[in-house]
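Heads up: the structure comes next, in structure tokens.
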2 protein chains.
Amino acid sequence: MTAAPRGFADAEFAARVVRAQAVMKTRGLSALLLTTEPEIRYFTGFLTRFWESPTRVWFLVIPLIGDPVAVIPSIGAHLMGQTWLRDIRTWQAPDYHDDGIGLLVDALREVCGADGLIGVPDQMETHVRMPLSGFRLLEQHLGAERLVTDGALVRQLRMVKSDAEIAKIEMACCVANRAFARVSEIARVGDPLADVFRGFQRLCLEEGADFVPYVAGAAGQGGYGDVISPAGDEPVEAGDVLMLDTGLVWDGYYCDFDRNFSLGAPSDAVIDAHKRLITATHVGFEAAKVGATMADLFHAMNAVVDPHGAGSAGGRLGHGLGMQLTEWPSIIAQDYTVLEAGMVLTLEPCVAVGAGKIMVHEENIVITPQGPRFLSEFQSAMLEVI
Amino acid sequence: MTAAPRGFADAEFAARVVRAQAVMKTRGLSALLLTTEPEIRYFTGFLTRFWESPTRVWFLVIPLIGDPVAVIPSIGAHLMGQTWLRDIRTWQAPDYHDDGIGLLVDALREVCGADGLIGVPDQMETHVRMPLSGFRLLEQHLGAERLVTDGALVRQLRMVKSDAEIAKIEMACCVANRAFARVSEIARVGDPLADVFRGFQRLCLEEGADFVPYVAGAAGQGGYGDVISPAGDEPVEAGDVLMLDTGLVWDGYYCDFDRNFSLGAPSDAVIDAHKRLITATHVGFEAAKVGATMADLFHAMNAVVDPHGAGSAGGRLGHGLGMQLTEWPSIIAQDYTVLEAGMVLTLEPCVAVGAGKIMVHEENIVITPQGPRFLSEFQSAMLEVI
């Protein structure tokens, strides 16, 4: 595919703010207060790996009317100054006497007056990224009753991606497709699993990843015990099923999918498990039409991976994807989110393969008015043998 | 150096818990409630990159007496089961009706009774990693007045590293030393800066990094504008100063240091700036003796980088290092933390080089009873020319 352009037009950020403000109005909010990386980046374009450092807090205030106000450490002024934001207020952090709270309270009072309500993202998949003592100080200054739920409005906005966002996710998927196609170069019988993980990350970078925040995987005879353990120095062996899963990033957007490989001839049970995973993915894909619910997808896929209702190993069978490795919504029976064009999802069925062993497959799709479309390269039922 | 062993002896985790409990007793705490990756890993050894997913919440309860209780999503049961913990309670997350709060409240009531105080890390450099709505629910169930500050006790414990922890940080430093020694392989005039970043991450992996969560850097004529911007597709040019900074990880522990390179002959101003950076690092190193304060280090280093008191660009001149890229304490004038043997620090002076341009140098050291010791390979005043 042709490389997507980096960044976004300023107009896209402005439009996101306008959409947020429209919802804020219906909910009686005078401002939004954002503190996490994806929430701040969504409205500003502020993209940096510096969030890896927990020392500094960052605030974005979105008023009901007008442009956002960034209240940030001075170390970020140069980079934030390159975004579309014009109102950037800084202090030299860390400051042990007042680490930005004074500045933030002033900004909030300016846009909310003495009694306006301030929406804070407070639902699942987010948190308040500042010390609890700082948040309690904010409650004291402003009145705790004024810091209210945003009613998941930021989550709702982020759930439906723009074409520019989808193009970035697709770029990440293409990079991962190419890296997965080269796994036989870095996974040979006798290689320590930790070296396989390292080699795979190297392939992702060579194929164009900006960075590789997430690699998981496992290797084992006839399946694996879980999909979140780190790699150790134990070698991969003939007959192992090797699974590699990556959340690599291109221009701030993730892909998130995996591939299974058999080192040498797979057992019948493994062949069958992989077939069921591909069938479940296909069934999920077919169900992923505008108007369907996540619960619909769950039941369609679960009928394949867990026909006897034994309870599937991982719980959910996929999720949203975008600026974060996993996003709202979830493919679980409780999720009644209705699919809309522009949503990007992973389909991630999991099957049990004998006692204590599982296999997981994952693909990425986008919902369009014409139906779903694969962003990752949908695998055939035939398990790849290395 | 010889490879450090992976993991820790169970006894080390048990000793950490005992040390925490001794402080809890003096502060009248019946339990600690931990929610972030480093805090939970510090007491359990639970090491996974799965924290990259924001969907699931994880809880660890440390009672005043007895072993910790993990209250975690079932997807983590297999991995947590391989740590020293025996009391592991799980639920299938995400659960939209009760995402672990019920289980957590039960566990806290069990160890705290009806009125015991629960310490929560609430100071700088940490946050409560759960949805605010969940935390407020917890306050309702338990009584908000019972969720009190931990008085930074977890931060205090983590600040002084064990020999096993220091060995892991040193392993990470050695990997980065070897990667930096090969930078001329991946940085040539005309290469897009984004490719240089990718190439450097590849070198880190080839030299043994488990993963590379943080790479920053910059390139510019006579210095650079900041140290947190992402790399773009603009090529590095003859006469540029190229800076690369990495926080790579080995077995869950970071290094964090940088190197400057000149592409072709450097200007006199750049040569002079680099000399001052090395002098400031040396002065900081000499001052880093047991009993000195962080403020002492700041003033010693700042006299070199900012002799006329113009205000240095980044604010702080170094920080703690360990399970996170940046940790307590900070080398700033306000920080009176007294150095103890076992602390690991970065020395990170920053100098202005003409209008709007800076240069930054960084090394990693450990404090020992005999004085400081470099974990990274201390650079000479001579700037490396590529």
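A short reminder: the numbers here are calculations on the coordinates, not readings from a lab. Since this is a predicted model, take the numbers as computed values, not measurements. We place every Cβ from the backbone using ideal geometry, glycine too, and count neighbours over all the protein chains shown.
Let me check I've understood the local charge: for A:G208, count other residues with C-beta under 10 angstrom from its C-beta, Lys and Arg +1, Asp and Glu -1. What total comes out? Net charge in that neighbourhood comes out at -2. Taking amide H atoms as placed 1.01 Å from N in the peptide plane, the amide H of B:D191 lies under 5 Å from those of B:V236, each 5 or more residues away in sequence or on another chain.
If R0 is taken as 41 Å, the Cβ-Cβ distance between B:R6 and B:R188 corresponds to a FRET efficiency of 0.70.
Inter-label distance, A:T26 to B:Q221: 5.3 nm, where each label sits 7 Å from its Cα along the C-beta direction.
Electrostatic bookkeeping for A:W91 treats Lys and Arg as +1 and Asp and Glu as -1; over the other residues with beta carbon under 15 Å from its beta carbon, the sum is -2.
Here the protein assembly as shown is assigned +1 on the Cβ of each Lys and Arg and -1 on the Cβ of each Asp and Glu. Its dipole about the Cα centre then comes out at about 680 debye. Using the Cβ-Cβ distance between B:R86 and B:K289 with R0 set to 45 Å, the FRET efficiency from 1/(1 + (r/R0)^6) comes to roughly 0.60. Per the Debye calculation on chain B with a single equal scatterer at every Cα and no solvent contribution, log₁₀ I(q)/I(0) for q = 0.07 Å⁻¹ amounts to -0.36. Is region B:160-385 best put as rounded, prolate or oblate by its Cα gyration tensor, with a ≥ b ≥ c the root eigenvalues, rounded for a/c under 1.5, and otherwise prolate when a/b is larger than b/c, oblate when not? Here region B:160-385 falls in the oblate category.
Legend: mean number of C-beta atoms from other chains within 10 angstrom of residue C-beta atoms, peptide A:48-60, equals 6. Helix B:193-206 axis versus longest C-alpha principal axis of chain B: approximately 60°, rounded to the nearest ten. The relative contact order of chain B comes to 13 percent, based on Cα pairs under 8 Å that sit 6 or more residues apart.
Please find, in a Gaussian network model of chain A (springs between Cα atoms separated by less than 10 Å), the residue of A:A11, A:A77, A:A176 whose mean-square fluctuation is greatest. Ranking A:A11, A:A77, A:A176 by mean-square fluctuation puts A:A11 first. Shown here: region B:122-162, whose C-alpha atoms stretch 38, 19, 16 Å along the first, second and third principal axes, sorted largest to smallest.
Dipole magnitude for region B:160-385: about 280 debye, using +1 per Lys or Arg Cβ and -1 per Asp or Glu Cβ, origin at the Cα centre.
Look at the stretch B:201-214: the mean tally of other chain Cβ atoms within 10 Å of its residues' Cβ atoms is 5.
Comparing A:L248, A:L147, A:L297 in a Gaussian network model of chain A where C-alpha atoms under 10 Å apart are linked, the largest mean-square fluctuation is found at A:L147.
Position A:M382: other-copy label points at 5.9 nm, ordered by increasing distance, label point 7 Å along Cα→C-beta.
Using only the alpha carbons of region B:1-115, what is the convex hull's orientation-averaged projected area in square nanometres?
For region B:1-115, averaging the hull's shadow over all directions gives 8.5 nm².
In the protein assembly as shown, a dipole from Cβ-located charges (positive for Lys and Arg, negative for Asp and Glu) runs towards its positive end, and of B:M24, B:L347, B:C112 it is B:C112 whose Cα lies farthest in that direction. From the residues B:L64, B:L47, B:C174, which one has its Cα farthest along the dipole of chain B in the positive direction, the dipole being from +1 and -1 charges on Cβ of Lys/Arg and Asp/Glu about the Cα centre? Comparing the listed Cα positions along the dipole, B:L64 ranks first. Centroid-to-centroid, using Cα positions, region B:174-197 and region A:203-262 are 25 Å apart. In this simple spin-label approximation, A:S380 and A:R136 carry label points 7 Å from Cα along the Cα→Cβ vector, and these lie 6.2 nm apart. Only Lys, Arg, Asp and Glu carry charge here, each on its Cβ (+1 for the first two, -1 for the last two); on that basis chain A has a dipole of about 720 debye about its Cα centre. With its label point defined 7 Å out from Cα along the Cα-to-Cβ axis, A:A310 lies at 7.0 nm from the matching points of the other copies, in increasing order.
Quick one: net charge around B:D10, please, counting Lys, Arg +1 and Asp, Glu -1 for every other residue with C-beta under 13 Å from its C-beta.
0
The ellipsoid equivalent to the alpha-carbon distribution of the protein assembly as shown has semi-axes of 38, 31, 29 angstrom, derived from the gyration tensor eigenvalues as √(5λ) and listed largest first. Closest approach of a chain B Cβ to the axis relating B and A (residue, whole Å): B:R202, 3.
Restricting attention to the protein assembly as shown, lysine pairs at least eight places apart or on different chains and with alpha-carbon atoms under 19 angstrom apart total 4. For chain B, a Gaussian network of Cα nodes joined below 10 Å ranks B:P307, B:P68, B:P372 by mean-square fluctuation, and the top entry is B:P307. What separates the B:E12 label point from its copies, with the point 7 Å along Cα to Cβ, is 4.5 nm, written shortest first. Remark: the Cα gyration tensor places region B:303-342 in the prolate category, a/c being 1.5 or greater and a/b exceeding b/c.
For peptide A:265-272, what's the mean number of Cβ atoms from other chains within 10 Å of each residue's Cβ?
Numbers: counts 0, 0, 0, 0, 0, 0, 0, 0.
Partner Cβ neighbours, averaged per residue: 0.
Rounded to whole numbers, the Karplus 3J(HN,Hα) couplings from phi for region A:183-188 are 4, 4, 6, 10, 10, 10 Hz, using 6.51 cos²θ - 1.76 cosθ + 1.60 with θ = phi - 60°, and x at Gly and Pro. Averaging the Cα positions of each part gives two centres, and for region B:1-21 and region A:123-151 these lie 35 Å apart. Placing R0 at 35 angstrom, the Cβ-Cβ distance between B:V148 and A:Y336 gives a FRET efficiency of 0.35 after rounding to 0.05.
The phi-based Karplus calculation (6.51 cos²θ - 1.76 cosθ + 1.60; θ = phi - 60°) puts the 3J(HN,Hα) values of region A:97-112 at 8, 8, 8, x, 5, x, 4, 5, 4, 4, 5, 5, 5, 4, 8, 10 Hz, whole numbers, x for Gly and Pro. Per-residue ellipticity at 222 nm from helix content only, as computed over chain B with -39500 (n - 2.57) for each DSSP H run of at least four residues, stands at -10000 deg cm²/dmol.
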